[in-house]
Amino acid sequence: MHGFAYQNGSLHCEQVDLQALATEHGTPLYVYSAGTIRDHFTRLDEAMHGVDHEVAYAVKANSNLGVLRLLAGLGAGFDIVSGGELFRVIKAGGNPAKCTFAGVGKTREEIEYALQQGIYSFNVESEEELRYLNQVAGELGLIAPAAVRVNPNVDAKTHKYISTGKSENKFGVDFEAIPALYDRAAAELPHIRLRGLQMHIGSQLTSIQPFIEAVEKVTPLALSLKEKHGIEFWSIGGGIGIVYHDSLAAGDMHWWDAKSAEERPLTLPQYGEALVPRLRDLGLKILLEPGRAIVGNAGVLLTRCLYEKKGTAKTFKIVDAGMNDLIRPALYEGHHEIVPLTEPGSERRKVDVVGPICESGDFFCQDRELPDFQPGETVALMSAGAYGFVMASNYNTRPLPAEILVDGSTASVVRRRQSLDDLIAAEL
């Protein structure tokens with residue numbers, strides 16, 4: 001489920017009127033539903049019942065301190081990809097001992113900081129990185145817990161920019177090379193503790209089959225490493241897809257029930273039913289690394305229509321949010337439903353919804369049939385809780401939007417809107 005629905009003709013987030021938030025705080029404006037985040041986290045946790053597991057939220061999806069604090073309170077672990085994300089988790093009350101540090105390009109400063117904070121494990125992406133981790137840990141007089149990321153060469157059949165599990169992707173170590181690498185590490189790297197194994201095949205997966213294929217392929221490897229090197233955990237990654245098409249309508253059902261069959265994600269019960277029997281008896285702790293699945297449908301971006309421009313070929317609805325606020329349509333060709341805050345009638349028009357950025361790629365949709373909203377009206381870009389604000393920028397010297405976290409009838413500012421002075425505060 002998600003917390004966005006029309007109530008008495010006005011779009012609400014839980015019990016809060018979104019138009020009231022737009023009027024009070026201005027636009028563009030990100031709004032998140034705390035109830036949705038709790039619901040998705042709990043559903044995934046329950047789907048893995050029967051397996052020793054931990055849900056390690058992927059901070060890169062949405063790193064707002066309010067969101068992280070909420071998840072820390074639910075007992076989440078955290079999947080981080082930078083020293084900055086570790087800093088955020090700690091500031092939000094998260095436990096560094098429940099953090100795993102992924103990413104192909106960790107710097108010395110990040111490695112030292114993570115070692116000093118006592119993270120659970122480094123997810124290492126290459127032999128060169130593993131040897132460097134050993135060197136840095138040795139110079140600090142510490143032992144670095146590590147898991148190597150195996151690349152199982154499984155096609156996740158997702159967008160090329162978010163596919164990570166094939167041999168041509170930059171992530172991980174080739175499947176066939178893992179046993180020898182663990183042997184060399186055990187023999188030659190005294191400041192490394194081989195604590196686990198990690199994999200992740202991609203994001204926005206809408207079928208269970210790639211997960212099954214990857215788990216079945218890697219299981220014998222994980223068991224061999226457990227027997228020979230005593231590893232204690234296996235991180236199977238994240239990647240569970242969410243609804244982007246018809247996402248508002250899906251709020252009245254389970255959050256995964258898309259109307260369009262080609263984008264109907266697997267359900268969380270299906271995920272658990274398929275994987276729990278394959279993981280239950282391995283004697284390994286299973287880590288999950290969801291991000292989008294928890295926060296994607298928990299957020300919207302509110303934007304006000306500024307002008308309508310009618311040309312000979314197209315009609316443009318020009319809004320005050322741009323690709324600097326939400327880059328997914330420009331970067332991934334990502335789809336976001338666009339709905340008025342006042343419940344619309346049946347009249348629809350084919351339009352492009354575009355932003356103010358001086359780039360032809362600054363659009364949120366093209367040639368789409370939408371309710372005929374007018375200048376001055378506010379609309380919501382749905383499913384903007386993941387890879388929205390975290391990928392925002394100050395391009396065209398535009399202040400970053402504010403972020404609001406709604407919990408029931410309470411709306412809290414969890415990031416204030418940037419001022420013009422904020423934009424240049426670090427410059428000399």
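The values are calculated or read from the model by the stated rules, or taken from the named source; none is laboratory data. Please read all numbers here as calculations on a predicted model, not as lab measurements. So basically every Cβ, Gly included, is an ideal-geometry build from the backbone, and we count neighbours across all protein chains shown.
Answer yes or no as to whether residue 331 is hydrophobic (A, V, I, L, M, F, W, C), more than 15 Å from residue 31 (Cα to Cα), modelled with pLDDT under 95 and not in a loop (DSSP other than H, G, I, E, B).
Considered against the rule, which asks whether it is hydrophobic (A, V, I, L, M, F, W, C), more than 15 Å from residue 31 (Cα to Cα), modelled with pLDDT under 95 and not in a loop (DSSP other than H, G, I, E, B), residue 331 comes out as yes.
Listed here are the residues, each with its yes/no results for (1) charged (D, E, K, R); (2) touching a residue at least 24 places away in the same chain (Cβ under 8 Å); (3) in the same structural domain as residue 25 (by TED's automatic domain parsing).
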position: 313; (1), (2), (3): no, no, yes
position: 319; (1), (2), (3): no, yes, yes
position: 322; (1), (2), (3): no, yes, yes
position: 328; (1), (2), (3): yes, yes, yes
position: 346; (1), (2), (3): no, no, yes
position: 355; (1), (2), (3): no, yes, yes
position: 359; (1), (2), (3): yes, yes, yes
position: 364; (1), (2), (3): no, yes, yes
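Condition first: buried (at least 20 other Cβ atoms within 10 Å of the Cβ), within 17 Å of residue 32 (Cβ to Cβ) and touching a Ser or Thr at 6+ places or on another chain (Cβ under 7 Å). Now tell me which residues in region 379-403 satisfy that.
Correct list: 381, 382, 383.
Within region 91-102, is there a residue that is farther than 20 Å from residue 62 by Cα, at pLDDT 95 or above and aromatic (Phe, Trp, Tyr)?
For region 91-102, residues farther than 20 Å from residue 62 by Cα, at pLDDT 95 or above and aromatic (Phe, Trp, Tyr): absent.
Working only within region 366-378, note down all residues that are free of Cβ contacts under 8 Å to residues at least 60 places away in the same chain and loosely packed, with under 15 Cβ neighbours inside 10 Å.
366, 367, 369, listed by residue number.
Per-residue answers, yes or no, for (1) farther than 16 Å from residue 187 by Cα; (2) surrounded by 22 or more Cβ atoms within 10 Å (Cβ to Cβ); (3) more than 26 Å from the chain's Cα centre (by Cα); (4) modelled with pLDDT of 95 or more:
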position: 113; (1), (2), (3), (4): yes, no, no, yes
position: 117; (1), (2), (3), (4): yes, no, no, yes
position: 124; (1), (2), (3), (4): yes, yes, no, yes
position: 134; (1), (2), (3), (4): no, no, yes, yes
position: 143; (1), (2), (3), (4): no, no, yes, yes
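Residue-by-condition table, conditions (1) closer than 30 Å to residue 241 by Cβ; (2) out of contact with any Phe, Trp or Tyr (no Cβ under 6 Å at 6 or more places or on another chain); (3) polar (S, T, N, Q):
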{"residue": "374", "(1), (2), (3)": "no, yes, yes"}
{"residue": "383", "(1), (2), (3)": "yes, no, yes"}
{"residue": "398", "(1), (2), (3)": "no, yes, no"}
{"residue": "422", "(1), (2), (3)": "no, yes, no"}
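Residue 266 - would you say it is touching a helix residue (DSSP H, G or I) at 6+ places or on another chain (Cβ under 7 Å), over 17 Å from residue 381 (Cα atoms) and not assigned by TED's automatic domain parsing to the domain that holds residue 383?
no
Return yes or no: is residue 282 within 30 Å of residue 49 (Cα to Cα), among the hydrophobic types (A, V, I, L, M, F, W, C) and surrounded by fewer than 18 Cβ atoms within 10 Å (Cβ to Cβ)?
yes
How about region 279-311: which of its residues are basic (Lys, Arg) and in contact with a His (Cβ under 9 Å, 6 or more places away or on another chain)?
285
A quick yes/no check of all residues on (1) within 15 Å of residue 293 (Cβ to Cβ); (2) within 15 Å of the chain's Cα centre (by Cα):
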{"position": "11", "(1), (2)": "no, no"}
{"position": "14", "(1), (2)": "no, no"}
{"position": "48", "(1), (2)": "yes, no"}
{"position": "56", "(1), (2)": "yes, yes"}
{"position": "63", "(1), (2)": "no, yes"}
{"position": "82", "(1), (2)": "no, yes"}
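Taking the criterion of being farther than 18 Å from residue 388 by Cβ and either outside any loop (DSSP other than H, G, I, E, B) or not basic (Lys, Arg) (or both), would at least one residue in region 317-324 satisfy it?
Yes, region 317-324 has at least one match.
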